[in-house]
There are 2 protein chains.
Amino acid sequence: MQKSLWLSLLLSSGLFAQKKKLENLVPYVKPIIGTQRMGHTYPGATVPFGMVQLSPDTDTVQYENNGKYNPDVYKYCAGYQYDDKTIVGFSHTHFSGTGHSDLGDFLVMPTVGELKLNPGTADKPHSGFRSTFSHANETAEADYYKVKLDDYNILAELTATTRVGFHQYTFPKTENAHIILDLSSGIYNYEDKNIWTFVRVENDSLITGYRQTNGWGRTRTVYFAMKFSKSFFQYGNRNFSKRLPYRGFWGKFDQSKNFPELAGKQIRAYFDFKTNEGEKIKIKFSLSSVSTEGALLNMKTEIPGWDFEKVKQLGQELWNRELNKVLIEATNTEKENFYTSLYHTFISPTTYMDVDGKYRGLDQNIHKANGFTNYTTFSLWDTYRALHPLFNILQPKRNGDMINSMLAHYSQSTLHMLPIWSHYANENWCMTGYHSVSVIADAVVKSNTPFDVYKALDACVTTARHRNFDGLGYYMDMGYIPAEKNGSSASTTLEYAYDDWCIAQMAKKLNRKDIYSEFSKRSENYKNVFDTSVGFMRARMTDGSFKKGFDPLSTSNQGFVEGNSWNYSLYVPHAPDQLIKMLGGPDAAAKHLDSLFTMELPDKFFAETEDITRDGIIGGYVHGNEPSHHVAYLYNWTNKPWKTQEKIRMILKQQYKPAPDGLGGNDDCGQMSAWYIFSALGFYPVAPASDQYAIGSPAINKATLNLDNGKTFTIDVKNQNDKNVYVEKILLNGKLLNRLYLTHSEIMNGGYIVFMMNDHRR
Amino acid sequence: MQKSLWLSLLLSSGLFAQKKKLENLVPYVKPIIGTQRMGHTYPGATVPFGMVQLSPDTDTVQYENNGKYNPDVYKYCAGYQYDDKTIVGFSHTHFSGTGHSDLGDFLVMPTVGELKLNPGTADKPHSGFRSTFSHANETAEADYYKVKLDDYNILAELTATTRVGFHQYTFPKTENAHIILDLSSGIYNYEDKNIWTFVRVENDSLITGYRQTNGWGRTRTVYFAMKFSKSFFQYGNRNFSKRLPYRGFWGKFDQSKNFPELAGKQIRAYFDFKTNEGEKIKIKFSLSSVSTEGALLNMKTEIPGWDFEKVKQLGQELWNRELNKVLIEATNTEKENFYTSLYHTFISPTTYMDVDGKYRGLDQNIHKANGFTNYTTFSLWDTYRALHPLFNILQPKRNGDMINSMLAHYSQSTLHMLPIWSHYANENWCMTGYHSVSVIADAVVKSNTPFDVYKALDACVTTARHRNFDGLGYYMDMGYIPAEKNGSSASTTLEYAYDDWCIAQMAKKLNRKDIYSEFSKRSENYKNVFDTSVGFMRARMTDGSFKKGFDPLSTSNQGFVEGNSWNYSLYVPHAPDQLIKMLGGPDAAAKHLDSLFTMELPDKFFAETEDITRDGIIGGYVHGNEPSHHVAYLYNWTNKPWKTQEKIRMILKQQYKPAPDGLGGNDDCGQMSAWYIFSALGFYPVAPASDQYAIGSPAINKATLNLDNGKTFTIDVKNQNDKNVYVEKILLNGKLLNRLYLTHSEIMNGGYIVFMMNDHRR
């Protein structure tokens, strides 16, 4: 009865998510979570998978100009650090949770009084245009950010649509109101990062232009259109470059004031207004990768009017639509953790095309996305693990389009490679492996394939055979990458082996036995870097010997990237049963895992390890970085699955808190949050491209997954609390589940699963 | 009978020029004329008004990096100096005859033996990839250039279509043949002139990319596609930047060899071949301002195959079609001067759009030229004088399209100004005045208006009322520009006055009496800088007094740009009768002019004057620069027109020779050559925007102008030789002409004019 009622509702109303009355889940989203220290999230305004991320930047620390890494810049991957006392301005693009960075385009700052065109410094805030602020006067919601700029008595409010940032500044009465547009500012900035910037004052309320940078994205251009709700009465600029463009040689115009055609590397422009007490000046600021024409089209299409409240309301409705895909019963704290995590998983990858489907490709030509939404910001070394598998459940259409976007990248690549880490039509080659293949194979294995699967298989195979890429030729010839040839020889060998297994699974499904056979064989290459004499994975030399000076805790010069042998030795996600055998069988393996979670690490470990603070570490288990994300689930392959359940609950508790410092490591474009969502729901994709999810310990009381196919999968957790973390038994659709995994189709077909919890191991 | 035969031919065959058997005039075109010293022409391959100018560069002397002018760079405005002994390579864009420069994009150089990736220096040619050559092994024809590269025993041949350069290199037998693509090279280069360059090796014979520069054109981007006739077997590159792009930080690839995705500021790439004796490797190199896609489209459309000879033949046929617009009877020497001049007048402005009409505009957006050919390279301070008037006779359709291009520029200008000196969608603001209005008014007055005349009038008026531009506000308020406010106060006042007269003439024709009245009044402003006490034009102070320290010969700090008071004082082209009066009446004025042509100049004059050598000067008359180009014709307004005739013949003889050093000054995009064509034909447009041409002394025996309207105007010069330079009488269509001018319609209606010459003044 209940079921048929649902069915008739669905049949009469079309897609479930669009018609059902939405629960207001926005209050549980706390964008401030992760903004302190290592989370590298931003508190500003964005819609789900939006192209614009309009957010305050609290500092503009520079990369050092000699190319030397400045450790201070790392804190500002997302532009904002909770502990800072000043805001420099509001810029339009931000990565969410990355551990290297870029973007921060088009910093806008409203001021009053004396015109200042340099940002000043945190220790002397009044030396520049930045303003002090306090968290008491700050609000961060999904798609809405508000802050009082104390130095100027200006209330700043921000919201956004997919491609347009919307600013609303409430001014005091003044003859000297300024709005600064700083094109020299940026995240991970350094002198000469700006290749070029270009500004046109089209009329007394419209500015257009672009910023072209050479940073993490080597050749990246973002166009903009900026429309004020009120005409400025005068404007000007200063070019802070050491070397001015040629044009400055000619005295035909005073180019510093009311001159509408600017270009150069370090331009800060200002626009002047007179305001009454409480007067609002609004700005619509749209982006495009194509042209200023494209930016204008995006603006006109997405925000035709000036109703700030309405745009904010629509943005929050978009968020509610996405968040309603999982309805949970839990405490408020758990809901804040859960929905903020879900929010963070629905930020990246980001939309990368204009409203007409056009975008600038890898070849710098303008392409059109035909029949799909084009995305960018692929942090694949992170996100193949849990984020894209989560999308295959909650965002199947988008995940298919993300794969279409990856295939478009492949088509535009003269290297004929799928993306490694790509953003804004640039490959930045960050991190190791070719994990696009995992994302693609996972979708193929799970039959979520709104893309050309044969083209996709070709792309995967071609990528995986690119002999010039990062030791791959050696790997293909020798079964491992020799330590002399590559600094990450051991970890990259392990990652290739997993990726190759993914290709094999995909080939199997597509009935390509030749490819299945070739890559199944390659997938066993993890064995070639396992040193049975020590029981760890280990870098190996060309002559077959293992590299001398082995230290399983060290992350330096051991052949592992962003991790040590201890953690990477557990990285055989596609063959955990084999791994358990290599570790000496179930009992020995469980003990081995125990010691990981309980060891005391020497201090030097923290000194030499990137991306990790003590917060992100439990014993020697590093949750703050990705290579270990599947590790707590490995107990399921020993005879002690209750240890998985116990560890998962411990990690959830320790690593995710509803506070600014609530994330123990970089959120990494949603991977850390996706781990949370899966684990809180009680299962996890240990090996994406398998259709199985390892069962852990659900941390909510009830969850309903409202699937795009109209079905629901309900997770009913009985008797769960902080002590009752052990799974006593599981009933799937009323039947006892006698295994430690769920399959993808069991979820997607809809159903009802009951977890009976207790406080003692089974 | 003759006439009706012509008529029937025309009616049966369509446009005259396309069907009539063409005379082969290409042998008279000597592109080498003007390549020594001051002419600043280039010897390479181009088709009429072509976008590609593929020509050898003999040196790559740099502008100084501290922004200081390096006098050596001036010689290389067109990339080639006849006296040089080495060729650095062949680049694809060149200005013809300018006195400031830019371009030189995409230098290509074939070499053999050891790979060298730096150009070396002229004094140590073997230190780099440049090669010695000799003029004995060099041929320069219209659209064809050939040279033996002695160091490598390579024969280099070049030809071009409108948008594609075609290289043919004949190699010796070698295992080590290289073709270098140097993206760091350029004309008027300096460090950081390259904003960015981008190269993709699409496959083993196709390269694409772009070069973005900040030079005379502030934000200029040229895209290319480069197709080899033979596959290279390996390739590589070196980035000579001090600071390498971020991408270099990652060790995923060896980026120096066989790596297909390059970007940076100072890239030199090489492509390696093995060749047999006499083997030809050909390259098609196409340009676009839009995209590499656009460049590929241009290549496929214009040169689908690999037949070098055919492309050359078609290019020369295009030239013959244009050159046949004037058929002359003259000595071979005169024909070489004449047809090389005609060739030089048909090079600029240059086509600036892809085959599909798309081009990158001032706003950096992609525009489409609807119904016209879009042109760039507007050296208007030079070319308004005689080149555009010549086009109104010989290239009326193109001149209309040039005006359409100028109006498109105006539409894209946020300053709402017509072009001053523009190229590649950039305004470089070079020189003074707003002479677009002269070009437009001349076309309107002469009824050659394939453009929106009312929009054009609006554009002229808006431009001429731009108070912030170069002293214009003062000029509008005070009738002159005060010397304290502007370094060119006197000459710019004179130029504005003439331009304003142009606008008035146009307004009169379009029946806009208000505008006619406003600008007629402004056109008399030349009177405000005439100092009757000394009889010269003179810079004037805000208080109305003349600037102290007057020296009519000095070009320094006197208020005149590129000229002195002596020459500029004669610059009232629109009111020569008034000028004559101001100079004391016909007799005094003639004596005044005499003294200009006969004075002996002090040495300091040469030291301080730009753009002028002793070659370009006759007495104090400076033919090598433009402000005096109408001066010899001024005798027509005294009672001694025979002096005009005498002077014209003297100038023609002295200033134009069929030799590398045959031009006494910069050809200035054809203005110097246009002066030659008019003067050799016997008339000259002293005041463009008037429909009158002042009569001089024709230097050919007979000339037939084959007009686009199907009519012919024949100039029959009886008894003309070096001594018989005086015009005894003129018969126009059989009737005695009792005046010193021809009208535009007399020419365009077709007809027959006979000049009876003798050796004594009339």
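Just so you know, in the stretch B:228-252 the residues that are at pLDDT below 90 and aromatic (F, W, Y) include one that is farthest from A:K485 (Cα to Cα), and it is B:Y246. When residues of the stretch B:78-101 are filtered for being outside any loop (DSSP other than H, G, I, E, B) and either in contact with a helix residue (DSSP H, G or I) (Cβ under 6 Å, 6 or more places away or on another chain) or over 24 Å from B:T383 (Cβ atoms) (or both), how many remain? Within the stretch B:78-101, residues that are outside any loop (DSSP other than H, G, I, E, B) and either in contact with a helix residue (DSSP H, G or I) (Cβ under 6 Å, 6 or more places away or on another chain) or over 24 Å from B:T383 (Cβ atoms) (or both) number 4. For the residues A:Q692, A:Q654, the requirement of being under 18 Å from A:G750 (Cα atoms) and surrounded by fewer than 22 Cβ atoms within 10 Å (Cβ to Cβ) singles out A:Q692. All told, B:Y410 falls short of being under 29 Å from B:A694 (Cα atoms) and within 14 Å of chain A (Cβ to nearest Cβ). Of the residues making up the stretch A:730-750, those that are in a strand (DSSP E or B) and either at pLDDT below 95 or in contact with a strand residue (DSSP E or B) (Cβ under 8 Å, 6 or more places away or on another chain) (or both) number 7. Within the stretch A:361-374, track down each residue that is of a type outside the set (V, I, T) and either within 13 Å of chain B (Cβ to nearest Cβ) or closer than 23 Å to B:F198 by Cβ (or both). Scanning the stretch A:361-374 gives A:G361, A:L362, A:D363, A:Q364, A:N365, A:H367, A:K368, A:A369, A:N374.
Yes or no, residue by residue, for (1) of a type in the set (S, T, Y); (2) surrounded by fewer than 22 Cβ atoms within 10 Å (Cβ to Cβ):
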site: B:S517; (1), (2): yes, yes
site: B:K521; (1), (2): no, yes
site: B:Y526; (1), (2): yes, no
site: B:S533; (1), (2): yes, yes
site: B:T542; (1), (2): yes, yes
site: B:E562; (1), (2): no, yes
site: B:P573; (1), (2): no, no
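Test B:T159 against the stated conditions and say whether it is hydroxyl-bearing (S, T, Y), within 19 Å of B:T350 (Cα to Cα) and part of a loop (DSSP other than H, G, I, E, B).
No: the conditions fail for B:T159.
B:S523 falls short on exactly one of the conditions (1) under 27 Å from B:T383 (Cβ atoms); (2) touching a helix residue (DSSP H, G or I) at 6+ places or on another chain (Cβ under 9 Å); (3) among the small types (G, A, S); (4) not in a helix (DSSP H, G or I), and that condition is (4). The residue list B:K300, B:K312, B:K325, B:K358 contains one member that is more than 14 Å from chain A (Cβ to nearest Cβ) and within 16 Å of B:A225 (Cβ to Cβ), which is B:K300.
Screening the candidates B:S256, B:S291, B:S286 for the property of being at pLDDT below 95, polar (S, T, N, Q) and in contact with a strand residue (DSSP E or B) (Cβ under 7 Å, 6 or more places away or on another chain) yields one hit, B:S256.
Residues checked against (1) hydrophobic (A, V, I, L, M, F, W, C); (2) away from every other protein chain (no Cβ under 14 Å):
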site: A:Y475; (1), (2): no, no
site: A:M478; (1), (2): yes, yes
site: A:P482; (1), (2): no, yes
site: A:Y496; (1), (2): no, no
site: A:D500; (1), (2): no, yes
site: A:R512; (1), (2): no, yes
site: A:I515; (1), (2): yes, yes
site: A:S520; (1), (2): no, yes
site: A:N528; (1), (2): no, yes
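A:T432 fulfils the conditions (1) in contact with a His (Cβ under 9 Å, 6 or more places away or on another chain); (2) within 22 Å of A:P688 (Cα to Cα); (3) within 11 Å of another protein chain (Cβ to nearest Cβ) except for a single criterion, (1). Return the total of residues in the stretch B:152-191 being within 27 Å of B:N276 (Cα to Cα) and either among the aromatic types (F, W, Y) or at pLDDT below 95 (or both). Matching residues across the stretch B:152-191 total 4.
Tell me yes or no: at least one residue of the stretch A:60-78 is modelled with pLDDT of 95 or more, surrounded by fewer than 24 Cβ atoms within 10 Å (Cβ to Cβ), of a type in the set (S, T, N, Q) and farther than 30 Å from A:R398 by Cα. Looking for residues that are modelled with pLDDT of 95 or more, surrounded by fewer than 24 Cβ atoms within 10 Å (Cβ to Cβ), of a type in the set (S, T, N, Q) and farther than 30 Å from A:R398 by Cα, one finds none in the stretch A:60-78, hence no.
Selection of strands (runs of 3 or more DSSP E) fully inside the stretch B:167-248 by the criterion of at least 2 residues being facing chain A (nearest Cβ under 10 Å) and either within 18 Å of B:L297 (Cα to Cα) or among the aliphatic types (A, V, I, L, M) (or both) returns B:194-203, B:206-213, B:220-228.
This table checks each residue for (1) over 21 Å from B:E600 (Cα atoms); (2) crowded, with 22+ Cβ neighbours inside 10 Å; (3) modelled with pLDDT of 95 or more.
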| site | (1), (2), (3) |
| --- | --- |
| B:V622 | no, yes, no |
| B:N625 | no, yes, no |
| B:N639 | yes, no, no |
| B:K647 | no, yes, yes |
| B:G670 | yes, yes, yes |
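Suppose we filter the stretch B:258-290 for residues that are at negative phi and either acidic (D, E) or part of a loop (DSSP other than H, G, I, E, B) (or both); how many remain? So the answer is 11. When the stretch A:293-330 is filtered for residues that are closer than 12 Å to A:V164 by Cβ, polar (S, T, N, Q) and surrounded by fewer than 22 Cβ atoms within 10 Å (Cβ to Cβ), only A:T301 remains. The set of residues in the stretch A:139-154 being within 22 Å of A:A177 (Cα to Cα) and not hydrophobic (A, V, I, L, M, F, W, C) consists of A:Y145, A:K146, A:K148, A:D150, A:D151, A:Y152, A:N153.
When we screen B:M748, B:M757 for residues that are of a type outside the set (K, R), in contact with a Phe, Trp or Tyr (Cβ under 8 Å, 6 or more places away or on another chain) and under 23 Å from B:S438 (Cβ atoms), the only hit is B:M748. Please verify whether B:V439 is away from every other protein chain (no Cβ under 14 Å), touching a Leu at 6+ places or on another chain (Cβ under 8 Å), closer than 19 Å to B:F95 by Cβ and of a type in the set (V, I, T), treating the condition exactly as stated. In short, yes.
Contact map, the stretch B:356-373: residues that are among the hydrophobic types (A, V, I, L, M, F, W, C) paired with residues that are part of a loop (DSSP other than H, G, I, E, B), Cβ distance under 6 Å, separation 6+ or inter-chain. Pairs shown: B:L362/B:S413; B:L362/B:A425; B:I366/B:V290; B:A369/B:M353; B:A369/B:G357. Inspection of the stretch B:488-510 finds a residue satisfying the criterion of being in a loop (DSSP other than H, G, I, E, B) and within 25 Å of B:M748 (Cβ to Cβ).
Yes or no, residue by residue, for (1) touching a residue at least 60 places away in the same chain (Cβ under 8 Å); (2) assigned to a strand (DSSP E or B); (3) farther than 16 Å from A:T644 by Cα:
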residue: A:A699; (1), (2), (3): yes, no, no
residue: A:K723; (1), (2), (3): no, no, no
residue: A:E728; (1), (2), (3): no, yes, no
residue: A:Y752; (1), (2), (3): no, yes, yes
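Going by the conditions given, is A:G104 without any contact (Cβ under 8 Å) to a residue 40 or more places away in the chain and part of a loop (DSSP other than H, G, I, E, B)? Taking the combined requirement at face value, the residue does not satisfy it.
The values are calculated or read from the model by the stated rules, or taken from the named source; none is laboratory data. A quick note: this is a predicted structure, and the numbers were derived from the prediction, not measured. As a convention, Cβ positions derive from the backbone with ideal geometry for all residues, glycine included, and neighbour counts pool all protein chains shown.
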